[in-house]
Structure formats: C-alpha cells, structure tokens
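Take a look at the structure set out below.
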Amino acid sequence: SLHEYEEYRYAVGTHRSIGEIQAVLNRISWCICTALTPQDIIAHVREVYDDSAKSHKWGTSHTSVADGLIAFVNLPQVKNRGFLLDLGCGPSAHDALFLSCSDRGFRSSLMENVNNGIPEKTFRVVAIDISPNVVTHAVDAIEMEHAGWDIFGTSHLMSNVQVSDMHNLSQLSERFNGIWSHNALFMHTPHALVRSALQSIASVLLPNAVFGVSYPLSNNRVYDRLICLPDGRVNYYSFPTPTFISYEAKHVGLHIVGQTQWDRECNGKIVKNFSFTKFFEKR
C-alpha cells in the first residue's frame, strides 16, 4: 500500500499539492512497482478505472480521435468492411464509434484536422476494456449514438463491447483484420508482460493484418511510474521506448511497416513528439 510509505503518507495527510505528491511518487515508484507482481499492477489499474469510469467518461466525451487512428485506417492492409478490435476502448468508446460509423458528419465531428480528408472505410468492431464499469459506460455511449444513427438511417457496423484483459486475448474466438490501441496497451503494461501481450495480439490477427498502437513517449526513460491524477487517485503508467516495442514485436512475428510522431499542445505550449504511433504487420 502507498500509505506504508511515510513520505507519501505525510504529503497526503498535510494536503500537499498534486505536484508535491507527484514528486514523492517519482522517488518511490520504482520501489513500489518492483515489489508488486504484474498481476497486482493490472488489478490496481482495473480498480482505478472502475472507480473513475463515470467521471472519466464525461471528461473525455468530446475528445477527438488521434491522428494516428486516421493513419491506421488509411493503411492499405486495413480493408474496407473488415473486422477490427479496439483494445482499451475507454468509457466513451469514441475510436470504436469512429471506425464503425459511415456518416461523414459524425466522423468529422471527432476529427481535429479534416484537411487530409475524412476516411471512407467502415468496419465491424469489437471493443474491449479491462474495467467492467468502463464497459458499462461504453455500452451506454454506443447505444446512445446508435439511436441517433438509426433515426437518420445511417449505416453502422458496430459489433459489441465487452470486458476482456487486453494483455491476454485468449477469451476472444474471433480473428481480426486489424487491431488498434490508443493510449491504452503500452500505457498500462508492466515490462514483464510486453512480449506475452504482443504474442496474444499476434495470435488473434489474420495473416498480413495490422496492429496499430499509439502511446506517449517518455522523456526521462523511466519505464514504471505512479502518477497522481487530478482527483487524487494514483494510477500505474508504463513508458516503453519505441525501440523496445519494435524489438519485442519482431520476436512474435509482428514487423513494423510504418510509424508517426505527433505533437501536443499543453498549456499553450507545443510539446514536440509527444505521442508515438507504430504500425506492425503480422507475417
């Protein structure tokens, strides 16, 4: 428990700022994470998202889809009307909705930049998340959007959203034309689980199918971090390097076919190369 660490207990008990609490967490994260099993860490992540699913949903309900998702959709290996998996869909499931809706107006409302065109391809989508409460809110979000689409006769190919561990896809019987994960898989994967998670992804991909994954880069090269969230909760985050991910992916038959880097505006300042997106093909 975090409260076993006197420095953290003191910072919280004396109502220090989030920045001060984070400074403490930066000093003790390594000790805590190495004392836990990967399964302990994943259970903690699930618990945090279960507790915060409702507030997280409303805080992200209007979040735009990542530019990396547009690049993923436009890959020639990602075939129109194919069967895709959204890995770590979140409570608003906006990526899954974007992928499955053919209405250009709806898609453009989720895009920050439409200058390069609105994708024409649509897909059948299975969306998964590890948190039951997140999935409950995602189901509500999908049903609400579907009701609006039905009114206007808009075609949609959404399949379903379900609870599943994104690090172990053995519960899924389907095989997919593509898998997408935005700020999910490699934001919450202990080092020891990276290769097995990639192996699991490869096992449910069809030959020549593509895995697209987007995640923020770490400036300080620290893999395991505990981060104090605005509501005071502490969650586990992982920050693998792109080189490490490519190395592990190659060992399970996933070969890189493209990559992009994206800037982000934070407090009025542009953070260069904030996010990284990689595309791997199963061979």
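The values are calculated or read from the model by the stated rules, or taken from the named source; none is laboratory data. None of the values given here were measured: they were computed from a predicted structure. Cβ coordinates were reconstructed from backbone atoms using ideal geometry, including for glycine residues, and neighbour counts include every protein chain displayed. Note: accessible area is taken over every heavy atom of the protein model, side chains too, but ligands, DNA and RNA are not part of it. Shrake-Rupley method; radii C 1.70, N 1.55, O 1.52, S 1.80 Å.
How many angstrom lie between the Cα centre of region 174-212 and the Cα centre of region 226-255?
Each part reduced to its Cα centre gives a spacing of 12 Å.
For the chain, find the longest principal axis of its Cα atoms and tell me its angle to the long axis of helix 18-35, 0 to 90°, nearest 10.
It works out to around 90 degrees.
At a 1.4 Å probe, what is the % contribution of carbon and sulfur to the accessible area of the chain?
Within the chain, the accessible surface is 51 percent carbon and sulfur.
So what is the accessible area of the chain per residue, in Å², with the probe set to 1.4 Å?
48 Å²
Which one, Gly178, Gly253, Gly90, has the greatest fluctuation when you compute a Gaussian network model over the chain with C-alpha springs under 10 angstrom?
Gly253
Between Ala23, Ala53, Ala202, where does the largest GNM mean-square fluctuation fall for the chain, given springs only between Cα atoms within less than 10 Å?
Looking only at Ala23, Ala53, Ala202, the largest GNM fluctuation is found for Ala23.
Out of (i) 19.0; (ii) 20.0; (iii) 14.8, which label holds the value of mean projected area of the Cα convex hull in nm² that was computed here?
(iii)
Mind pulling the angle between the C-alpha long axis of helix 194-204 and the longest principal axis of the chain? Nearest 10 degrees, somewhere in 0 to 90.
Its long axis makes an angle of about 20 degrees.
What distance in nm separates the simple spin-label points at Ala35 and Glu6, each placed 7 Å from Cα in the Cβ direction?
1.4 nm
In nm, give the distance between the simple-model label positions of Lys250 and Asn160, each being 7 Å from the Cα along the Cα-to-Cβ direction.
3.9 nm
Among Ala93, Ala43, Ala147, which one shows the biggest mean-square fluctuation in a GNM of the chain, springs joining Cα atoms closer than 10 Å?
Result: Ala147 has the largest fluctuation of those listed.
Could you give me the ³J(HN,Hα) list for region 251-259, computed from phi with Karplus coefficients 6.51, -1.76, 1.60 and θ = phi - 60°, whole Hz, x at Gly and Pro?
5, 10, x, 10, 10, 5, 10, x, 7
Pulled fully out, how much extra length does the chain show between Glu20 and Glu143, if you take 0.36 nm times their separation in residues and subtract their Cα-Cα distance?
Extending this stretch completely gives an extra 40.1 nm.
So how strong a dipole does region 110-235 carry about its Cα centre when Lys and Arg Cβ are +1 and Asp and Glu Cβ are -1, to the nearest 20 debye?
With only Lys, Arg, Asp and Glu charged at Cβ, the dipole is about 560 debye.
Can you give the extra length, in nm with one decimal, that the chain gains between Val114 and His44 once fully stretched, where that is 0.36 nm per residue apart less the Cα-Cα distance?
Once the chain is fully extended between Val114 and His44, it gains 21.4 nm.
Restricting to bridges with both residues inside the chain, how much of the DSSP beta-bridge set is antiparallel, in percent to the nearest 5?
Just about 55 percent of them are antiparallel.
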